[in-house]
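Visitor: Below you will find the structure I want to go over with you.
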């Protein structure tokens, strides 16, 4: 009975998210899979707003994957300095460009197993690229918003992103995996904000299990 109730409750959460955010898309601006990969690498420990401020000039300066493969990491680091952790990110992006050119013929791999071998593309990043760029539901992107809200909604008891993803993949139908992450991220930014959730405006209020929700 508990499993049935969990499925029914999850289905209602998905229905409300679909009604509230019917056409939501990835917040990172990009025009192709490579640009999305770069933007996602840059988004680590950085806001999407800041990344979207940096990438237009970045992609203008380095319009092709070959350009990124040719630049020295210390030069690229200066171009992305404002995103934080710029030295590591620059090494990852240059390494990713070289790996994709040398081992994948310049094409972004379309399987999780291949994509996670690319520098800077851990599981979360790979899920973003596969889902948004190719419509491939390889998993559920668990960022800080998805992590926090999944706990507030009692969809998981875990705090580790990998375990949260595993929990969500069991209860969220695969056809919802890609959209679910985008919806939760927008919901977390607009309504269920970390410091002061807008509970009075929340369409999921009646389904929320959080002990600190307000009237």
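Visitor: By how many degrees, between 0 and 90 and to the nearest 10, does the Cα long axis of helix 177-190 differ from the longest principal axis of the chain?
Guide: 80 degrees
Visitor: So, one more: Under the rule of -39500 (n - 2.57) per DSSP H run of 4 or more residues, summed and divided by the residues of the chain, what mean residue ellipticity at 222 nm is obtained, to the nearest 500 deg cm²/dmol?
Guide: When only DSSP H runs of four or more count, the value is -17500 deg cm²/dmol.
Visitor: For the ranges 46-56, 118-128, what's the packing order if you count other beta-carbon atoms within 10 Å of each residue, average per peptide, and put the highest first?
Guide: Those peptides, ordered most packed to least, come out 118-128, 46-56.
Visitor: Please determine, in degrees from 0 to 90 and to the nearest 10, the orientation of helix 86-103 with respect to the longest principal axis defined by the Cα atoms of the chain, where the helix direction is its Cα long axis.
Guide: Between the helix axis and the principal axis of the chain, the angle is about 70 degrees.
Visitor: First measure r as the distance between the Cβ atoms of residue 154 and residue 32, then evaluate 1/(1 + (r/R0)^6) with R0 = 30 Å and state the FRET efficiency to the nearest 0.05.
Guide: That gives a FRET efficiency of 0.20.
Visitor: Between residue 85 and residue 47, how many nm apart are label points set 7 Å from Cα along the C-beta direction?
Guide: Reported label-point gap for residue 85 and residue 47 is 1.8 nm.
Visitor: Further question on the same structure: Taking only Cα atoms, what is the 0 to 90° angle, nearest 10, from helix 48-61's long axis to the longest principal axis of the chain?
Guide: With both axes taken from Cα atoms, the answer is about 20 degrees.
Visitor: What Kirkwood hydrodynamic radius, in Å, does the stretch 31-71 give when the mean of 1/r is taken over all pairs of distinct Cα atoms and then inverted?
Guide: 10.5 Å
Visitor: Plugging the Kirkwood radius over Cα pairs into Stokes-Einstein for the chain, at a temperature of 20 °C and a viscosity of 1.002 mPa s, what D comes out in µm²/s?
Guide: 117 µm²/s
Visitor: If the label point is 7 Å along Cα→Cβ of residue 18, which residues in the stretch 183-208 have backbone nitrogen under 17 Å from it?
Guide: 183-184, 204
Visitor: Turning to a different aspect of this structure: Once label points are set 7 Å from the Cα along Cα→Cβ at both residue 66 and residue 163, what is their separation, rounded to one decimal in nm?
Guide: Distance between label points: 4.8 nm.
Visitor: Separate question: Could you give the length gained by full extension between residue 112 and residue 174, i.e. 0.36 nm per residue of separation minus their alpha carbon distance, to one decimal place?
Guide: Here the segment from residue 112 to residue 174 would lengthen by 20.8 nm.
Visitor: Eigenvalues of the Cα gyration tensor times 5, then square-rooted: what semi-axes does that give for the stretch 114-193, in whole angstrom, largest first?
Guide: Equivalent ellipsoid semi-axes, largest first: 20, 13, 12 Å.
Visitor: Would you work out the Kirkwood radius for the stretch 1-109? I mean one over the mean of 1/r across all pairs of different Cα atoms, in Å.
Guide: 15.8 Å
Every read-out reported here was derived from the displayed coordinates using simple, explicitly stated rules and does not represent laboratory data. Bear in mind the structure is a predicted one, so any value in this text is a computation, not a measurement. Backbone-built Cβ (ideal geometry, glycine too); neighbour counts: all protein chains shown.
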